[in-house]
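Novice: Questions regarding the structure given below will be posed in turn.
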Amino acid sequence: MSTHDLRQPTGAARRRRAAHGRSFPPLAAALLAAAILAAPLLQAGCGDEQRSCPTVEPPLVRLEEIFATADTIAVGGTVRLWALPTDADQTYAWSTTAGRFLETDSYYARWKAPDTPTVARIIVTASLGEESVARNRTIAVGSYRPRHEPTYTGAGYCGVECHSARGHGQRYDTWVLSAHARAYEKVEAHPDYAPACAACHAVGYGDASSAGWDRHNGGFDEIPVARLEGVQCESCHGPLADLQGEILPAHAEDAGGDWLFALGTASDPLGCARCHGAASLAPHPGAKDYAAEWRAGGHAGIPAGAQIDDPACAACHTAQGFVARLTGAPAPAPSEPQPITCVACHDPHGNARTADLRPTPGGDVCSRCHSDGEHLPLAPPHAPQAQMLAGTGGHEYPGRAFPSTPHRNVAQRGCVECHYPSSEGRVSHSFAPDAASCRRCHPAASGGSFWWIQQQRTISNLLVQLDQVLGAASPADSLTDAFRRAEFNRRFVGRDASRGAHNYAYARALLEASLEDFVPGRAR
């Protein structure tokens, strides 16, 4: 039940919210009923046998008591309060000596205790015209000591001590400006907020042992304080402090490892899918399962035959190698190699780029791997998508024209121009292009009769023809430059793997020129 379900509005507020069925808790309702029953007695003033008795005027503003759901609470806890009794025309103002209000709405308030033990006074002032009256209630704010180690300390400790400009890097400085750092702010203020939201929007909520028992290790479920709000360092690296809140000496080893590059699952809390996958969709109608989308695409696996112990292969076929390549760090063979997961392209520590995409010198993230910029003609093409899109990189025969389609001019954002939208008009992390991508420029792009399907068939047929010609080459033919030129272009177009979608005109010109230049038996 949301916090709003506990309110009983009056007057205009009741008319606006009647459909929601909100009501007071039993004790609050009883107090209000007693106050309402007493009102006629105040107006009567005396019995019928004393008809000449003086009239007693009721007070203009009535405010008998503040009802609270708790008088003692742990630091960071939440209390709901109501001012009793109420009048439809009275206005209310709330204030406090400690903590802060998460919500105030007429005679109702939701208050959050501070991070440190104290006794807080909560005051409500009721006003009607020029008259007002105030009442207050005290809330004792206790303290919590974790029982299980390691415990949570909060990102502030990490940043102040080491991981900021003052220490050994600026990861805290970029994180504090990111959406991860602010993840709790919006959800806490949402009308449908529930404590379970903290599982993804705060640190250490719901930790359990392997046997399923709750771990009293100072997470947000045991101590819901501001220093644990948001998606912080320990959300991914795990708890790093001892029972006294000091960083553990071995935290560098405990907080690192190849498992940080994993996508994670609902049962494994150290992974992006815990919050960006199916487990988090229930409270978010219409949200997308990014993990499922990713698993449906080509990034979800390491290709068979990839030599991941070779840094050149690991740099594009493992998340660890890709991050090392972008940051310029050494790239040793990972002990638990992961495919291209979320953290390969997105920096979980945040940065100034859209969606915290990792910065890449001279281009978009995709082109760091989907490019054969270092290859020259007659070298084996591997992933020449960027070159094909630009209409360069193939072996161009002298005296022939090699035109290029305008896709290179249209794709101002690079690969994601066509590989990011989905058929519903939203993004998809499978990165599979579909008709919706084409229809933005080609409104008729649908069905098997679409002209583009015919063009892809043309490229496929040319590839088959070139395969047959190359397959008919004699041993002597295969040593000629003509054979190597044709073989290079066949691999270039084939490894691009778009069957001309990236650059139909360029792919067709390369294949047709190769077929004309290489003829078995007269190769040169």
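The values are calculated or read from the model by the stated rules, or taken from the named source; none is laboratory data. If you're wondering where the values come from, they're calculated on a predicted model, not measured in any experiment. Quick reminder, even Gly has a Cβ in these numbers, built from the backbone with ideal geometry, and neighbours come from all protein chains shown.
Novice: If we keep just the residues of the range 136-182 that are assigned to a loop (DSSP other than H, G, I, E, B) and aromatic (Phe, Trp, Tyr), which is farthest from residue 75 (Cα to Cα)?
Specialist: Ranking the qualifying residues of the range 136-182, first place goes to 152.
Novice: With the condition being free of Cβ contacts under 8 Å to residues at least 40 places away in the same chain and under 32 Å from the mean Cα position of the chain (by Cα), I'd like the strands (runs of 3 or more DSSP E) fully within the range 67-127 carrying at least 2 qualifying residues.
Specialist: 100-105, 108-112
Novice: Within the range 336-370, track down each residue that is among the hydrophobic types (A, V, I, L, M, F, W, C), outside any loop (DSSP other than H, G, I, E, B) and buried (at least 17 other Cβ atoms within 10 Å of the Cβ).
Specialist: Result: 342, 343, 344, 345, 366.
Novice: When you go through 82, 111 one by one, which is the residue that is closer than 28 Å to residue 227 by Cβ and buried (at least 20 other Cβ atoms within 10 Å of the Cβ)?
Specialist: When all the criteria are applied, what remains is 111.
Novice: Additional query: What are the residues in the range 467-522 that are polar (S, T, N, Q) and within 25 Å of residue 419 (Cα to Cα), if any?
Specialist: Across the range 467-522, the qualifying residues are 489, 498, 503.
Novice: Could you go through the range 444-466 and let me know if any residue there is part of a helix (DSSP H, G or I), loosely packed, with under 11 Cβ neighbours inside 10 Å and modelled with pLDDT of 85 or more.
Specialist: yes
Novice: Modelled with pLDDT under 80 and either within 16 Å of residue 368 (Cα to Cα) or in a loop (DSSP other than H, G, I, E, B) (or both) - does that describe any residue in the range 287-295?
Specialist: Yes, there is a match, as at least one residue in the range 287-295 is modelled with pLDDT under 80 and either within 16 Å of residue 368 (Cα to Cα) or in a loop (DSSP other than H, G, I, E, B) (or both).
Novice: In the range 136-164, how many residues are among the aliphatic types (A, V, I, L, M) and within 22 Å of residue 248 (Cα to Cα)?
Specialist: Going through the range 136-164 one residue at a time, the tally reaches 2.
Novice: Please enumerate the residues belonging to the range 408-441 that are part of a loop (DSSP other than H, G, I, E, B), at pLDDT 70 or above and touching a helix residue (DSSP H, G or I) at 6+ places or on another chain (Cβ under 8 Å).
Specialist: Hits for the range 408-441 are 411, 414, 415, 428, 429, 430, 431, 432, 433, 441.
Novice: Confirm whether residue 333 is surrounded by 18 or more Cβ atoms within 10 Å (Cβ to Cβ) and either assigned to a helix (DSSP H, G or I) or at pLDDT below 80 (or both).
Specialist: no
Novice: Considering only the range 247-268, state which residues are modelled with pLDDT of 85 or more and not in a helix (DSSP H, G or I).
Specialist: Scanning the range 247-268 gives 247, 248, 249, 262.
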